[in-house]
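**Q** I have a structure here, written as structure tokens, and I will follow up with some questions on it.
Only the coordinates and a few stated rules stand behind these numbers; no lab work does. Keep in mind it's a predicted model, so treat the numbers as computed, not measured. Using ideal geometry, Cβ is built from the backbone for each residue, glycine included, and neighbour counts are taken over all protein chains shown.
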Amino acid sequence: MHFAEVLVIAALLSIYGSADGQVISVGGCPDMSVVDNFEPNKYTGRWYEAERVFNPFEVGGSCITGDYTIEEDNFNHPTGNLLVVHSMTNWLGRKISKSADAFPLDRSSRKAKYLLKYKGSPFTGPYWILDTDYDTYSVVYSCTSVLGLLSFKYVWLLTRLPQAPKYTIDNMESVLKKNNLSSILLIKTYQKNCKYT
């Protein structure tokens, strides 16, 4: 296959991805500005998903939460890793939970760049916190590149409340805009009549 054909296919995939909601772009992943001096202890606790871009793993999901704790070694010393339990109710009304480990990309820096690995999966994915105030909101970004030709981008807007006030959502969308990410394709997560555990 010639390089020009690859670019045409990539462009078509980009158009299809945008129409479907998933953000697929031509080219590699851009470097994003993330939280400096990230404080994992303040990030722990429950986060509620307010909005996201299309994500095949969450199709039909509602009442989506993430519970974050600090991983400790056998001597109860913090390792620097975050333990995450993602929960949701699927379209059949069943509660589903998956556990993951989030490892700092660079332990010598305090930047909020993590690699997320779900239990039982050999794959890791970026988990970058673009902005958070720890108490009300968190803007999370992930991008995976395929040979530098295509990139698959995901965005999650997380809040500490199941029903976030409009000004919190507006604030998170302004973070996206500052990072040249569109909020047009965001899908609101259904968080009503939920039975959280």
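**Q** Take peptides 84-93, 110-119 and line them up by average Cβ neighbours within 10 Å, highest first, as a rough protection proxy.
**A** Going from most to least packed, we get 110-119, 84-93.
**Q** Here's another thing I want to ask about it. Return the aspartates and glutamates within reach of residue 153: Cα separation strictly under 14 angstrom, same-chain partners fewer than 8 residues apart disregarded; answer none if there are no such residues.
**A** Within the straight-line cut-off, residue 153 pairs with 20, 31.
**Q** A follow-up question, please. Helix 166-178 sits at what angle to the longest principal axis of the chain, using alpha carbons and giving 0 to 90 degrees rounded to 10?
**A** It works out to around 50 degrees.
**Q** Also, I was wondering about something else. Can you tell me the orientation of helix 3-20 relative to the chain, as the angle in degrees between its alpha-carbon axis and the longest Cα principal axis, to the nearest 10?
**A** It works out to around 50 degrees.
**Q** How large is the helix-only mean residue ellipticity at 222 nm for the chain, computed as the sum of -39500 (n - 2.57) over DSSP H runs with n ≥ 4, divided by its residue count, in deg cm²/dmol to the nearest 500?
**A** -5500 deg cm²/dmol, from helical runs alone.
**Q** Name the most mobile residue of 97, 151, 183, meaning the one with the largest mean-square fluctuation, in a Gaussian network model of the chain with Cα contacts below 10 Å.
**A** Top of the fluctuation ranking is 97.
**Q** Could you sort 30-38, 173-181 so that the peptide with the highest average Cβ count within 10 Å comes first and the rest follow in order?
**A** So the order, starting with the most tightly packed, is 173-181, 30-38.
**Q** If you don't mind, there's one more thing I want to ask. Averaged over every viewing direction, what's the projected area of the C-alpha convex hull for the chain? Give it in nm², one decimal, please.
**A** Spelled out: convex hull of the Cα atoms, projected over all directions, averaged, 12.8 nm².
**Q** How far is it, in nm, from the label point at residue 119 to the one at residue 57 when both lie 7 Å from their Cα along the line to the Cβ?
**A** Distance between the two pseudo-spin positions: 1.4 nm.
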